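Working notes, structure below.
Coordinate-derived values only; no laboratory data. No experiment lies behind these values; they were computed from the predicted model shown. Cβ: placed from backbone, ideal geometry, glycine included. Neighbour counts: every protein chain shown.
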Amino acid sequence: MIAFPPLPYPFAPCIAEAANSFDGVDRLPISLIQPRYRVVLAGKCFFHIEETSTGRVRGFRTDHNEACHLARRLEQSA
């Protein structure tokens, strides 16, 4: 049985560290960046794509994978 040693310190994922950034701009940790759209179950086999800032429904799909694809596409177009 293989035992893995614990990490020496807690690891928090970041996009880039401020000290190592090439343009001097501070970056937020990934945990603080929220998606602009989210997929919400709205009924049996029915999903809404909501805008996180306003809560408005921007689309809907009957398949979860298609709803996630639409949310990603809306995120990229914004």
Tally Lys/Arg at +1 and Asp/Glu at -1 over every other residue whose Cβ is under 14 Å from the Cβ of residue 59; what's the total? +2
Take residue 65 and residue 38, extend 7 Å from each Cα along the Cα→Cβ direction, and tell me the distance between the two endpoints in nm. 2.4 nm
